[in-house]
Amino acid sequence: MKVTIKTICLLLSIVLTVSYCSAADIYVSPHGNDHNPGTKAKPFLTIKRAQQQVRKIKSATTVYLRAGIYYLNEPVEFSSRDSREKNATVTYQPYQREKVIISGAISLKLQWHDYKDGIKQAHVSQDIVFDELFVNGRLQHMARYPNYDPAIAHYGGFAADAISTERVNKWHDPSGGYVHALHESEWGGFSYLIKGKDDKGNLSLEGGYQNNRPAAMHREFRYVENIFEELDTIGEWYYNKATHTLYFYPPKNINLNKATIEVPQLETLFEFKGTEQLPVKNIILEGLEFTQTLRTFMKTNEPLLRSDWMIYRRGALTMEGAEHCSVKNCFFNAVGGNAIVCSDYNRHNEISGCHIADIGSSAVVFVGDPKAVRSALFRYGQFNDPNAIDQTPGPKTSNYPADCLVYNNLIENIGCVEKQVAGVEISMAMNITISHNTIDKTPRAGINVSEGTWGGHIIEYNDVFNTVLETGDHGSFNSWGRDRFWYPDRKMMDSINLAHPGMALLDVIKPIIIRNNRFRCDHGWDIDLDDGSSNYEIYNNVCLNGGLKLREGFHRTVYNNVIINNSFHPHVWFKNSADVFTRNIIMTDYFPIGINYWGKEVDYNLFPDSVSLNHAKERGTDQHSVNGSPGFIDPSKADYRVRPESAVLKIGFKNFPMDQFGVVSANLKMIAHHVVIPALHYRSTDSNEPAHEFMGAKVKNLNTLGERSATGMATETGVIVLQVDSKSNLHGYVFPNDVIISFQGIPVANINDLLKAKDNIRSGAEINMEVFRNQISRKIKFKLKD
């Protein structure tokens, strides 16, 4: 073979190409060029260009991002073409811990001029989305009423007259503005786009679909934004789309002509788009800051089965069809919607070491495909014919998240816009582990499980506090269990369970374990298992304030928990529930509501005194329980282990560690807030509210959060029925746990209203009542017996 110069050059070219394509490191810089070779000396400009180069490399690879802000004009999208083998991962990370920011905004260069009253104005030449404004990296507020005040928990300011006709009449054209309000029962929130107004000052609104329990907006907790006439305080802004004019009321110490002005344009920054058949595998994002994405509250309109949630399946980071992918040590900072969404098929993904703060919606969301659910239902009032339900356990397909890990993350100040949110949300998923996270400052739950499908979750070593700050009837941990078997009517639910005793476990096929956590909720329950939540094992948890609630449901085993300054709240249990509550420390008597059956075993618990213990024994529970001081080692320092002489040790309680809650990495521990440790006190279960006799029934004012939750009332008002005598005129018409809200056409807010309304009726008269039963208002008519 004759070797020519041409042949030698060709061989040399092939060698150099192979050598280059097996190189481990690729570099990107905001000052680079995509025509560069991607080396440290000559880096690429864009992540997309680096991604194209990575596809040529088969060995393990690191893409180093040099310091600076990367403004994306489209999301970085990973498909199956970007998948890696197990031993050939690709990692996108900063070079030597340099600060790298991935932004969904554009940076504007504006010329500012005086408008009036301290307000500046500038012309914006680009045709862009104007939903949020950042000035020198800080989020500013749309012109709003009332003005933003961080000291006010609800919305940072609210007003009952936010959309009154008197106020609306002051606005020339409110089109494009927004109304935000809580659900009238405080079960999350709603948002509306203002389409216009009529001559009488009535707004035309579009929206109000962000909650899966339709209702009116709250009369008091509401505000309005993006109204030009409300631009009246420092930090507010308004953009006139017609004239392309930006108005801003800046602080006096800012030179706007030198300030960095950024406006978000994207709702997603990184997106994994694979399928079960063609997944995205073995990609690692590490050490990056994600920020400045669009708010998405007007797109939150997909129901999550029969829970109270609507969802939008996108976040600053969206993962679908991903396997063995990781998000490590990243900072999700001031993103407008969800931070991380794992939608449909996902397996063995990890979110760890991240700081997620100042988020418009939820921090981490796992949500599967409803088509994988058997006999699926989507609204609270819907129900299946128990004889027609698919009896096959578990999912129909594998199109859902499973075997994923959320570990060592600091999640704080979420739900800045939307209120039906959680630090970690799980719906239609299996085997999700949530471990060693600190979750602080949320408007609703810290951790939420929307329904039983399909269980297997492990929730452990988390520190969850400052929750349910803006909503109501909820918990630091909250769950629903409105699975295919569940029925909202109690009598029907009893009959279904007796006829089909295994149906409660058709969806939650694996137990959900809650262990070794610390929870504190000052506006609800520390642990709240609501409507039908079934197949739980709950042990070694510290509940610092709100107690532990089990409503309805089956197969819940609760043991070895410490419940500080509160107790056990059993609500509306069914016959043969198989529930167990044993070897727990409580600090007052139980708070039962609507309990006709006491489960499989309620015993071997420590009560604070003989009076509360005797109350329990009289109800038929706790025959082997004891009373006395727990003998905590050091409650002032949150060490609730008990001393060797404590009586609770003799009935089976076991000490567990008190210093392993929350984040574990030093950098996150340093910046995490700390839960407030309560002083010990003993609560009385006696509300000093006596029962009253009413037409042969026993009734009382509905005046506790527990009664409100058990009945589903929006507020603590009305008269709750405790007992109905068989000889009463009300027998067969009114039942225990009904709430009387109207009698003879007169609204009933309390027992006095009810007794006054009764005074004028005579024998044989027709009685007209309205009661709230099974979370539905019902009108009742009958004639009085002689």
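Within the bounds of segment 620-631, is there any residue that is within 22 Å of Lys549 (Cβ to Cβ) and loosely packed, with under 14 Cβ neighbours inside 10 Å? Checked against the condition, which is being within 22 Å of Lys549 (Cβ to Cβ) and loosely packed, with under 14 Cβ neighbours inside 10 Å, segment 620-631 yields at least one hit.
For Ala388, are the conditions met, namely being over 24 Å from His183 (Cα atoms), out of contact with any strand residue (DSSP E or B) (no Cβ under 7 Å at 6 or more places or on another chain), among the aliphatic types (A, V, I, L, M) and surrounded by fewer than 18 Cβ atoms within 10 Å (Cβ to Cβ)? Show your work before the answer.
Working: over 24 Å from His183 (Cα atoms): yes; out of contact with any strand residue (DSSP E or B) (no Cβ under 7 Å at 6 or more places or on another chain): yes; among the aliphatic types (A, V, I, L, M): yes; surrounded by fewer than 18 Cβ atoms within 10 Å (Cβ to Cβ): yes.
So Ala388 fits the description; yes.
The single residue among Lys281, Lys299 that is within 25 Å of Asp369 (Cβ to Cβ), of a type outside the set (Ser, Thr, Tyr) and over 22 Å from the mean Cα position of the chain (by Cα) turns out to be Lys281. Return a yes/no flag: does segment 643-653 have any residue that is of a type in the set (Ser, Thr, Tyr) and under 26 Å from Glu707 (Cβ atoms). Scanning segment 643-653 turns up no residue that is of a type in the set (Ser, Thr, Tyr) and under 26 Å from Glu707 (Cβ atoms). Residues of segment 71-90 being surrounded by fewer than 18 Cβ atoms within 10 Å (Cβ to Cβ) and either assigned to a helix (DSSP H, G or I) or out of contact with any Lys or Arg (no Cβ under 7 Å at 6 or more places or on another chain) (or both), which ones? The answer is Tyr71, Asn73, Glu74, Ser80, Arg81, Glu85, Lys86, Asn87.
Taken as a whole, the structure leaves Ile234 outside the set of residues that are within 27 Å of Gln420 (Cα to Cα) and among the β-branched types (Val, Ile, Thr). Taking the conditions (1) small (Gly, Ala, Ser); (2) touching a residue at least 40 places away in the same chain (Cβ under 8 Å); (3) surrounded by fewer than 24 Cβ atoms within 10 Å (Cβ to Cβ) in turn, Gly415 satisfies each one other than (3). Out of all the residues in segment 364-385, is one or more at pLDDT below 95, polar (S, T, N, Q) and in a loop (DSSP other than H, G, I, E, B)? Taking every residue of segment 364-385 in turn, at least one turns out to be at pLDDT below 95, polar (S, T, N, Q) and in a loop (DSSP other than H, G, I, E, B). Each residue in segment 73-110 was checked for being closer than 15 Å to Ile57 by Cα and not hydroxyl-bearing (Ser, Thr, Tyr), and 8 pass. Among the residues of segment 604-617, the ones that are of a type in the set (Ser, Thr, Tyr) and over 17 Å from Pro592 (Cα atoms) come to 2 in all.
Applying a threshold of 8 Å to beta carbon distances and a minimum spacing of six or more residues, or different chains, the list of pairs starting in segment 711-722 at a residue that is under 18 Å from Val734 (Cβ atoms) and ending at one that is basic (Lys, Arg) and in a strand (DSSP E or B) reads Val719/Lys700; Ile720/Lys700; Val721/Lys698; Leu722/Lys698; Leu722/Lys700.
Is there a residue being in contact with a helix residue (DSSP H, G or I) (Cβ under 9 Å, 6 or more places away or on another chain), within 20 Å of Asp473 (Cβ to Cβ), surrounded by 19 or more Cβ atoms within 10 Å (Cβ to Cβ) and not assigned by TED's automatic domain parsing to the domain that holds His571 anywhere in segment 747-759? Checked segment 747-759: no residue is in contact with a helix residue (DSSP H, G or I) (Cβ under 9 Å, 6 or more places away or on another chain), within 20 Å of Asp473 (Cβ to Cβ), surrounded by 19 or more Cβ atoms within 10 Å (Cβ to Cβ) and not assigned by TED's automatic domain parsing to the domain that holds His571.
Taking the criterion of being out of contact with any Lys or Arg (no Cβ under 9 Å at 6 or more places or on another chain) and free of Cβ contacts under 8 Å to residues at least 60 places away in the same chain, the residues of segment 575-601 that qualify are Ile586, Lys600, Glu601. Of the strands (runs of 3 or more DSSP E) lying entirely inside segment 415-515, those containing at least 1 residues that are touching a Gly at 6+ places or on another chain (Cβ under 6 Å) and farther than 19 Å from Val373 by Cα span 422-427, 438-440, 445-449, 463-465, 475-479.
Counting residues in segment 278-289 that are closer than 30 Å to Asn211 by Cα and either in the same structural domain as Ser479 (by TED's automatic domain parsing) or in a strand (DSSP E or B) (or both) gives zero.
Here segment 707-745 is the region considered, the condition is being of a type in the set (Gly, Ala, Ser) and buried (at least 23 other Cβ atoms within 10 Å of the Cβ), and the residue that is farthest from Asn545 (Cα to Cα) is Gly718.
Taken over segment 618-663, the residue count meeting the criterion of being in a helix (DSSP H, G or I) and either closer than 30 Å to Gly599 by Cα or of a type in the set (Lys, Arg) (or both) is 7.
Considering segment 570-612, the residues that are at pLDDT below 95, out of contact with any Phe, Trp or Tyr (no Cβ under 9 Å at 6 or more places or on another chain) and closer than 17 Å to Ser533 by Cα include one that is surrounded by the most Cβ atoms within 10 Å (Cβ to Cβ), namely Ile593.
Among the candidates Gln111, Gln140, Gln121, Gln126, single out the residue that is over 30 Å from the mean Cα position of the chain (by Cα), within 20 Å of Ile227 (Cα to Cα) and in contact (Cβ under 8 Å) with a residue 12 or more places away in the chain. Criteria check complete, one pass: Gln121. Got at least one residue in segment 446-468 being closer than 23 Å to Gly156 by Cβ, assigned by TED's automatic domain parsing to the domain that holds Cys521, of a type in the set (A, V, I, L, M) and within 11 Å of the chain's Cα centre (by Cα)? Yes, segment 446-468 has at least one match.
In segment 533-552, which residues are farther than 21 Å from Asp440 by Cα, assigned to a loop (DSSP other than H, G, I, E, B), modelled with pLDDT of 95 or more and out of contact with any Pro (no Cβ under 7 Å at 6 or more places or on another chain)? Listed by number, the residues that qualify are Ser533, Ser534.
The values are calculated or read from the model by the stated rules, or taken from the named source; none is laboratory data. Computed from a predicted structure; not experimentally measured. So basically every Cβ, Gly included, is an ideal-geometry build from the backbone, and we count neighbours across all protein chains shown.
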